[in-house]
C-alpha cells in the first residue's frame, strides 16, 4: 500500500489539490483526506467501458483502437458539418488538439459552458467581471453570497476550502467572523446554513439585483415594498450587510444562468457588484461545474479568439451562441455527425435536441458508458484524466493546476486519441487528393 | 384532483454528482428519476413518497417518483438534472444558446404508468 499526497481532484470546478489517497495493486483503495463525497466517488472509480466498439446492425461490437480511430476519422471526414462537443472533463492539452481538429475539418466546436455558464461568458464579454482568485476569497471575504447555487451539494468542498468556513490571513476566525447569505428559489441544504436566506420567486432574480443596485446607489425610495417576492426590509438588510462588510464575495450558479433573462441576469449581478464598490471591496465569480470547463474556455479563446460555440467552416473562427451552441445546432438538425468527448449530452441535453443526435453518426470518447453511449456508432474508451493521465486544467477562478497521473493504465489518453484521429483525417484528405 | 399546474426547475444533488460516471446504475436512477415537491402539493395530488407522477410540458412528458421536500415552495417542483428532467425541456433557446432548464410551465398528475429506465428513455428519441 502506498500513500499518495497532494492528489488533484478531477471532478468539479473546485479542483481540490490536497487529497490523500491510498493505492494498492494499481487501485485507489481509500480516499484518506481532502475529497468531498462526490470527488471521493470519482477517485474510487466506476465501471469502465472495456474496449473500443463500433456499432454493426444496431449492436456495439468490440474492436481495436486502430479500427475505432479509423472509423471515427472516416465519419468526420465524410461529414459536411460535424459538431465536436464536450471538452470540459479532459485536460487542456487534449482541448488544444480538439481545436486543431476543428480547424482541419471546418467543424463546429462547442463545450459544456453552453448549457452551464454560457450566459455568464456572454455577460462578461458585455460588461467585464470584477473578480479575484479563490485564495483572495479565503483570505479576505467576510460576507459570502451564494446566489442561485447550492454548493453544499454541487461543490461540497467550496465553502470549507475557499469561502464561508475557510480560515485565511484576515479571516482567521473562519465562519465566526463571516456572514453567509443564500439567495435561492427553494430552501436548499446551503440555504439552511445561511445567516440570511433570501427566497426569491423563480425567474425574478433580475429585478432583485436591480433593487439592490438602487439601494446601494442611494435610491431606496424607488424600490417597491416587495421585489421578486422579497420584502423591501430584507433587501435593505442585505444592502446594509454589503455596506458594512470589508470584502463581499458573490458566487452565482445555474439558478441565474438557466432561467428568465439568462445573460442579462448575470450582467445585473455584475452591476450589483460594481454598485457595492461605492461602499466597500466586492468581487463576483461563476461557480463552474466541470473541473476544466474554465480550461476549455481558455484554450478556445487563446486558439480562436472565442470561448465556445465556434465554427471554422469559413477558414477562420466564427462565433455565434444561439446558432452554433450544440443544443441549438441539434435542435435545428444543422449538423450531420457528432463527436462527443468528455461530456454526456445524452443525460444533459433537452430531449428535443437528442432526437437529431439519434439520427446522425456519433463518436463517443469517454472513460464511462452513459446515456450518450446509446446514440454512439463508435465508442472509444480513454484514460481518466487526473487518475490515469496528467495534464493542465483551470480551476473556476482561472488558476491553472496540473492534474497528476496516479495509476497505470492500458487506456489511451484523450490527447493521443485526438492526435491519431487528426492524423487519419489528414491521411484521408491526402489520399483523396492523389 | 386530476392534474396541477406547476413551475419545474432542475439542478444538481449530491447523489447525482456521485454517480455522474455511473449513470446506468440503479443508484443514479433512484436519485435522478424523481420529483421533489412540497408536502401540501403531494396532498393535493393525492400522492405519497415513491408514487409515480407524470410531468407534462409543451415539449414532452415523463414519469418519475414523487418525493417530499418542503424546502420547495408550493407550486414549484424540482427534478434533478439528467435524462428524466430533460425529456420535458425545450431544445429552443430563442437565440440565447441556453435552454430553459428552469422555470418551465408543467402539469403534474398521479399516474399508474411506469418510470422508464435510462436506456428505454433514450430509445424514445430514436423514432
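At 222 nm, what helix-only mean residue ellipticity would chain A give, in deg cm²/dmol to the nearest 500, using -39500 (n - 2.57) for each DSSP H run of four or more?
After summing the helix terms and dividing by residue count, I get -10500 deg cm²/dmol.
What is the fewest-to-most order of A:193, A:1 by other Cβ atoms lying within 10 Å of their Cβ?
Details: A:193 17, A:1 8.
Result, fewest neighbours first: A:1, A:193.
Can you tell me the 0 to 90 degree angle between the C-alpha axis of helix A:232-244 and the longest principal axis of chain A, rounded to 10?
For A:232-244 against chain A, the angle is about 80 degrees.
Report, in degrees rounded to the nearest 10, the 0 to 90 angle that the Cα long axis of helix A:205-216 makes with the longest principal axis of chain A.
Taking the Cα atoms of chain A, the angle to A:205-216 is about 40 degrees.
Evaluate the relative contact order of the range A:118-286 (contact order divided by residue number), counting alpha-carbon pairs under 8 angstrom at least 6 apart; express in whole percent. Intermediate values should be presented prior to the final figure.
Working: 327 pairs, mean separation 52.6, N = 169.
Here the relative contact order equals 31 percent.
How do A:176, A:192 rank when sorted from fewest to most other Cβ atoms within 10 Å of their own Cβ? Numbers along the way, then the final one.
Details: A:176 8, A:192 11.
So the ranking, lowest neighbour count to highest, is A:176, A:192.
Name the shape class, rounded, prolate or oblate, that the alpha-carbon gyration tensor gives for chain B, where a ≥ b ≥ c are the square roots of its eigenvalues, rounded holds for a/c under 1.5, and otherwise prolate holds if a/b is larger than b/c and oblate otherwise. Walk me through the intermediate numbers first.
Values: a/c = 1.38, a/b = 1.16, b/c = 1.19.
Rounded, because the longest to shortest axis ratio a/c is under 1.5.
Can you tell me, using C-alpha contacts under 8 Å and at least 6 residues apart, the relative contact order of chain B as a whole percent?
Working: 253 pairs, mean separation 46.4, N = 127.
Relative contact order, chain B: 37 percent.
Using only Cα atoms and rounding to the nearest 10 degrees, what angle (0 to 90) does helix A:65-78 make with the longest principal axis of chain A?
So the inclination is approximately 80 degrees.
Show that you can apply the helix-only estimate: for chain B, add -39,500 (n - 2.57) for every DSSP H stretch of four or more residues, divide by all residues, and state [θ] at 222 nm to the nearest 500. Don't jump to the answer; show the numbers that get you there.
Details: 5 runs with 29 residues, N = 127.
Calculated at 222 nm, the ellipticity per residue is -5000 deg cm²/dmol.
Using the per-residue mean of other Cβ atoms lying within 10 Å as a proxy for protection, in what order, highest first, do the peptides A:85-97, A:249-261 fall? Spell out each step's value before the answer.
Working: A:85-97: 26.7, A:249-261: 24.8.
My ranking of the peptides, most packed first, is A:85-97, A:249-261.
Kindly work out what percent of the DSSP beta bridges joining two residues of the range B:3-126 are antiparallel, to the nearest 5. Please list the in-between numbers first.
Numbers: 17 of 26 bridges.
Of those bridges, close to 65 percent are antiparallel.
When the Kirkwood radius is taken over all Cα pairs of the protein assembly as shown, what Stokes-Einstein diffusion coefficient follows at 4 °C and 1.567 mPa s, in µm²/s?
On the way: Rh = 24.0 Å.
Translational diffusion coefficient: 54 µm²/s.
How many angstrom separate the Cα center of the range A:386-434 from the Cα center of the range A:177-197?
40 Å
Just to confirm my numbers, what's the Cα centroid distance between the range A:311-378 and the range A:256-301 in Å?
The distance from the Cα centre of the range A:311-378 to that of the range A:256-301 comes to 26 Å.
If you take each beta carbon of peptide B:19-28 and count the beta carbons of other chains within 10 angstrom, what is the mean? Display every interim value, and only then the final one.
Values: counts 3, 13, 15, 8, 10, 8, 2, 0, 1, 3.
Partner-chain Cβ atoms within 10 Å, mean over residues of B:19-28: 6.
Averaged across B:98-108, how many Cβ atoms of other chains sit within 10 Å of each residue's Cβ atom? Intermediate values should be presented prior to the final figure.
On the way: counts 20, 13, 6, 8, 11, 7, 1, 0, 0, 0, 0.
Mean shielding count: 6.
Please give the average number of partner chain Cβ atoms lying within 10 Å of the Cβ of each residue in A:180-192, rounded to a whole number.
Working: counts 0, 0, 0, 0, 2, 10, 12, 5, 6, 3, 0, 1, 1.
Average per residue, whole number: 3.
Arrange the following residues from fewest to most other Cβ atoms within 10 Å of their Cβ: A:272, A:349.
Listed from fewest to most nearby Cβ atoms, that is A:272, A:349.
Could you check what % of the DSSP bridge pairs in chain A are antiparallel, to the nearest 5?
Values: 26 of 63 bridges.
Restricted to chain A, the bridges split so that about 40 percent are antiparallel.
Using alpha carbons only, how many angstrom separate the centre of the range B:1-32 from the centre of the range A:229-244?
34 Å
Give, to the nearest whole percent, the P(r) tail of the range A:147-206 beyond 19 angstrom, counting all Cα pairs.
Summing the P(r) of the range A:147-206 above 19 Å gives 33 percent of all pairs.
FYI, it's all coordinate maths here, none of it is from the lab. All values derive from a computational prediction rather than experimental measurement. Counting neighbours? That spans all protein chains shown, and the Cβs are built from the backbone with ideal geometry, glycine included.
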